[in-house]
């Protein structure tokens, strides 16, 4: 079971590495402050993508944090 938890933990870590920049990029696209980002899509499109990825971030972060907390508690009990 620990083998699969480690794999899921690594997967969620990589997903977070992808999701965070997407949220930053779309957030700047919503504000329209940076011209090169605003040229790629409209603020409404960025807002739609941003709102989807916020929920994905919450789920992936919760899974990632829960697995790490589980491993920390197991390490504490060994001592």
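The values are calculated or read from the model by the stated rules, or taken from the named source; none is laboratory data. Being a predicted model, the structure only gives us computed values, none of them experimental. Reconstructed Cβ throughout: ideal geometry from the backbone, glycine too, with neighbour counts over all protein chains shown.
Restricting 12, 26 to residues that are in a helix (DSSP H, G or I) and at pLDDT 95 or above narrows the list to 12. When 23, 17, 11, 47 are checked against the criterion of being under 30 Å from residue 74 (Cα atoms) and surrounded by 13 or more Cβ atoms within 10 Å (Cβ to Cβ), a single residue qualifies: 11.
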